[in-house]
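Taking it in order: structure first as structure tokens, then the write-up.
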Amino acid sequence: MVRPSRSYRVFQGVNGVVLTLVVVVTLYPFVNIVARSFSGERQIRSGDVTLWPKGFNLTTYRIVFHDSEFWRSYGNTVYYTVVSTVVAMVLTTCYAYVLSKKQLKGRGLLVGVAVFTMFFTGGLIPNYVLVTSLGLKNTVWALALPNAISVFNLLVMKAFFESLPGELEEAAQIDGLSTYGTLLRIVLPLSKAVVATMVLFYSVSFWNSWFGAFLYMDRSELMPVTVYLRNLIAGATGGSNAGAATADLSQVGANIQAVTIVLTSLPILCVYPFVQRYFVSGVMLGAVKG
């Protein structure tokens, strides 16, 4: 066994220290937010909270969790995220697969149309008028359709599909598979890494989105959890919150932002470990040639 050289051992040590610092810098803000969400009002306002809760307090969590509107809003968010992500993945995958065919006539025009939308949009008012005139207000389609295709995700999937060997699709056609059959049975099973990545990107985007629902939803029972928490922040900072005592209101105003970040980030953090292995597959794909 060859012993590592001194310079290589030094490199390993420096690399370990640098990566450890990066991890600490990355984790510290989130750990601090979690600590603030469980801390008391006085300790938060005095700046005593760092990595561990001080003046342990669950008032804000209790007010939020005991509110039936919170759970209804959470259910709405799950529903909106799932439907919007499915719609976005279907449209993005089909569009990217078409653009990956270099023999397609008008391919450059289709790519140009997609790229054009990255820099120019219709604007807020025309979008609102369009959604309203189509009768999409107060429906999940008002959130799913206007943001169904992210051009960045589209170009990433297009590049991935182009990297797949063309011989595989030719063999599938010889075996009698149609275009859709080739996509579903050959291309997509080989594209789990990029599909999982795009699902995560879309789901995070739709989960955290609040302005679309704030704009297109008129009824409170249709609001997602992000709008509910936004209204809770506004009520706490504005000095009015029905059903809450003065002391409770002060506590909510002190750590509502921290609680909001924790509640909105937790589901995504729970899903990420199950998707991480596909990121690893995507990094290693093509690294070894047989």
The residue that is farthest from Gln103 (Cα to Cα), considering only those in the range 166-194 that are among the β-branched types (Val, Ile, Thr) and in contact (Cβ under 8 Å) with a residue 24 or more places away in the chain, is Val194
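Within the range 52-73, is even one residue within 18 Å of the chain's Cα centre (by Cα) and of a type in the set (Gly, Ala, Ser)? Please lay out each step first, then the result.
Let us first name the residues in the range 52-73 that are within 18 Å of the chain's Cα centre (by Cα), namely 73.
Of the ones still in play, those that are also of a type in the set (Gly, Ala, Ser) are 73.
Yes, because at least one residue in the range 52-73 is within 18 Å of the chain's Cα centre (by Cα) and of a type in the set (Gly, Ala, Ser).
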Of all residues in the range 1-53, which are under 21 Å from Ile63 (Cα atoms), in a helix (DSSP H, G or I) and of a type in the set (S, T, N, Q)? Ser37, Gln43
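Condition test on Ser46, is it surrounded by 11 or more Cβ atoms within 10 Å (Cβ to Cβ) and in contact (Cβ under 8 Å) with a residue 24 or more places away in the chain?
Numbers: surrounded by 11 or more Cβ atoms within 10 Å (Cβ to Cβ): yes; in contact (Cβ under 8 Å) with a residue 24 or more places away in the chain: no.
No.
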Is there a residue being surrounded by 15 or more Cβ atoms within 10 Å (Cβ to Cβ) and not assigned by TED's automatic domain parsing to the domain that holds Ala258 anywhere in the range 16-33? yes
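Quick one: in the range 257-290, of everything that is closer than 16 Å to Val194 by Cβ and at pLDDT 65 or above, which residue is surrounded by the most Cβ atoms within 10 Å (Cβ to Cβ)? Walk me through how you get there before you give the answer.
Within the range 257-290, the subset closer than 16 Å to Val194 by Cβ is 275-287.
From what is left, the residues that are at pLDDT 65 or above are 275-278.
Details: Val275: 15, Gln276: 12, Arg277: 12, Tyr278: 17.
Across the range 257-290, the extreme among qualifying residues is Tyr278.
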Flag for Thr26 being within 30 Å of Arg185 (Cα to Cα) and out of contact with any Phe, Trp or Tyr (no Cβ under 7 Å at 6 or more places or on another chain): no
Please enumerate the residues belonging to the range 161-184 that are open to solvent by 50 Å² or more (accessible area, probe 1.4 Å) and assigned to a helix (DSSP H, G or I). Glu162, Ser163, Glu167, Leu168, Glu170, Gln173, Ile174, Thr179, Tyr180, Leu184
Just to be sure I understand, how many residues within the range 185-215 are within 19 Å of Val82 (Cβ to Cβ), of a type in the set (Ser, Thr, Tyr) and part of a helix (DSSP H, G or I)? 4
Quick count over the range 118-165, residues being in contact (Cβ under 8 Å) with a residue 24 or more places away in the chain, closer than 25 Å to Met217 by Cα and among the aromatic types (Phe, Trp, Tyr), is 1
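Based on what the data block shows, is Arg72 open to solvent by 50 Å² or more (accessible area, probe 1.4 Å), assigned to a helix (DSSP H, G or I) and in contact with a helix residue (DSSP H, G or I) (Cβ under 7 Å, 6 or more places away or on another chain)? Break it down stepwise before answering.
Numbers: open to solvent by 50 Å² or more (accessible area, probe 1.4 Å): yes; assigned to a helix (DSSP H, G or I): yes; in contact with a helix residue (DSSP H, G or I) (Cβ under 7 Å, 6 or more places away or on another chain): yes.
Judged against the criteria, Arg72 is a match.
Test Lys158 against the criterion of being assigned by TED's automatic domain parsing to the domain that holds Val204, of a type in the set (Lys, Arg), part of a helix (DSSP H, G or I) and more than 21 Å from Phe211 (Cα to Cα), and give yes or no.
Values: assigned by TED's automatic domain parsing to the domain that holds Val204: yes; of a type in the set (Lys, Arg): yes; part of a helix (DSSP H, G or I): yes; more than 21 Å from Phe211 (Cα to Cα): yes.
When the stated conditions are applied, Lys158 passes them.
The values are calculated or read from the model by the stated rules, or taken from the named source; none is laboratory data. Not measured: the values here are computed from a predicted model. Here Cβ is always computed from backbone atoms with ideal geometry, including for glycine, and neighbour counts include all displayed protein chains. When the accessible area is computed, the model is the full protein with side chains, heavy atoms only, and any ligands, DNA or RNA have been set aside. Shrake-Rupley method; radii C 1.70, N 1.55, O 1.52, S 1.80 Å.
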